[in-house]
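> First the structure, which I've put down as structure tokens, then a few questions once you've had a look.
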Amino acid sequence: MNGNREAAIDMDTHGIQRSDAQQEQSDSSAEKNPVVVDNTSIRSRPGSANRAKTALERVKHTFWTFGKFVGPGFMISVAYIDPGNYATDIAAGASYQYKLLFIVLLSNLFAILLQSLAIQLGTVTGLDLASACRAYLPRWLNYLLYGLAEVAIIATDMAEVVGTAIALNLLIPKLPLVAGCALSILDVMAILIFYRPDGSMKGLRLFEMFVCLLVLGVVICFCIELSMISGSVGEVFRGYVPSSSLVESQALYQACGILGATVMPHSLYLGSGIVQPRLREFDTKHGLIPEEPATSASSATNDEYLDKGIYIPSQAAIKHSLKYSITELALALFTFALFVNSAILIVAGASLYQNPDALEADIFGIHDLLAKSISPAVGTIFALALLLSGVSAGIVCTIAGQLVSEGAIKWKLKPWLRRLITRSISITPSIIIAGAVGRSGLNTALTASQVVLSSVLPFVTLPLIYFTSRSRYMTVLPGMARYYNEDDDRGRPGANSAAGINMANPWYIIVLGILVWLVITVMNVANLVLLGLGKSG
């Protein structure tokens, strides 16, 4: 027992540490309750009581540690409740009532798998998906994937701008659509003020809590809407079971739309890039991080920092963080994202099913139909939920755009200017469409953005599955964290794999990932074919 006092910090395999104060408290407790084995008396507490206390402390520690990881999963889930989901889920509910809830559930399961792989890539290698493409793929292929990623981000950002503009116009009818598009740039200003990924964890967690509040606001809006509709609970739950309606051409088209609107390309870049701050926090706390090759304290030196070296977490940080990050992500997607997408479809199915006007209506028309068929308050709540979704999704999409440009081509611009350019590219066509065409043009732009995302998704998911399935890239070296300099291949993640621990996907995850990729690819191709043949209606 006294030997334990010699260590200042005793760390277990999961990175859990015990300080000297805890060791001394344990020793003093043992002195007050000595165990005397002399066949006459045992003056210690009963073993069952000690085990119960230990189990309770372990559970308390687990929940406390998990609480520190809450945040990134909510930011990722925002991508799954963006304005593009409203159009697809409402069309599905109006056409097939609750029968396409199975596709919503299936899309969420696909998303959990792919986002878990993104977290795994970012945690094990220390690289986001765009940086991994630059580090491991031929230059021409990296540039091709970067171009597709930028197209996807601009299309996604356009959907957020359009959704925000429509929501503002519904809430404030006198506000022109052009002004609504211009006002959507305000969320970029919020990012510039509060989002500092290389700053303090306290500031980063406050920003994540702000995004969490936006997500909770959307959830509350749909909770209120669900309480105001009438329908059979049994029919709703039967919708999560596959039905024969899924093989119809219109149902297949709408199922492809739900999948394309749910699994978003930019969310994979985001998921692989926002896990590093907690890994760095762990390594810093436990003295496992070497001296930084360049300071990253300010935005002005961020590009210099990227040139000097890339942080690669220690083995202890990876083991400690990976399970918490994936668990938090799965809970966020399987609760909030699944709930919101299901709620949109359920509200539409309960109020708009078999309504011929709903099948051809855009978001403006859906708002009016909800207000007439249920109550004006439902229309207002719908518009408020759309606004919160657009603002929150626009924030995380802009962050993803920064990750892609920094990772793929090391775009040498200051972060605030890079974010401003990303949003300006998407705002400009939205303003032109809103001014020249009006409502119908914005709805067409929203639909077109989802088609673009469907086309890009297979190209983004394939490298992710490839990287996480190869031990060459997913091998962790023991010891401290380190910095990888791109000019020195010896420091590259996965180098010297014979001396490390293989954390690549097991064979069944590889098979499952390939099957998911094939399903996504086939459904997106079918989506484009049906759209071209005019079978969507």
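The values are calculated or read from the model by the stated rules, or taken from the named source; none is laboratory data. For clarity, every value in this text was computed on a predicted model and none was experimentally measured. We place every Cβ from the backbone using ideal geometry, glycine too, and count neighbours over all the protein chains shown. For accessibility, only protein heavy atoms count, side chains too; no ligands or nucleic acids. Shrake-Rupley method; radii C 1.70, N 1.55, O 1.52, S 1.80 Å.
> Whenever you get a sec, compute what percent of the accessible area on region 363-472 sits on carbon and sulfur atoms (1.4 Å probe).
Of the solvent-accessible surface of region 363-472, carbon and sulfur hold 70 percent.
> Largest first, what is the accessible-area ranking of 289, 514, 344 with a 1.4 Å probe?
514, 289, 344
> Determine the shape class of region 319-410: with a ≥ b ≥ c the square roots of the Cα gyration tensor eigenvalues, call it rounded for a/c under 1.5, and otherwise prolate if a/b is greater than b/c, oblate otherwise. Write out the running numbers ahead of the final one.
Values: a/c = 3.07, a/b = 1.92, b/c = 1.60.
Prolate.
> Using the beta-carbon distance between residue 511 and residue 209 and R0 = 56 Å, what value does 1/(1 + (r/R0)^6) give for FRET efficiency, to the nearest 0.05?
With a Förster radius of 56 Å, E is 0.90.
> Using a Förster distance of 60 Å, how high is the FRET efficiency between residue 200 and residue 357, based on the Cβ-Cβ distance and rounded to 0.05?
0.70
> Note the full-extension length gain between residue 235 and residue 70 as 0.36 nm times their separation in residues minus their Cα-Cα distance, in nm to one decimal.
Stretched out fully, the residue 235 to residue 70 stretch lengthens by 56.0 nm.
> Tell me, what is the 1.4 Å probe accessible area of residue 521, in Å² to the nearest 10?
30
> For residue 174 paired with residue 246, estimate the spin-label separation in nm (one decimal), with each label point 7 Å from Cα along the Cα-to-Cβ line.
Rounded to a tenth, the inter-label distance reads 5.0 nm.
> Once you place label points 7 Å from the Cα toward the Cβ at residue 56 and residue 220, how far apart are they in nm?
3.4
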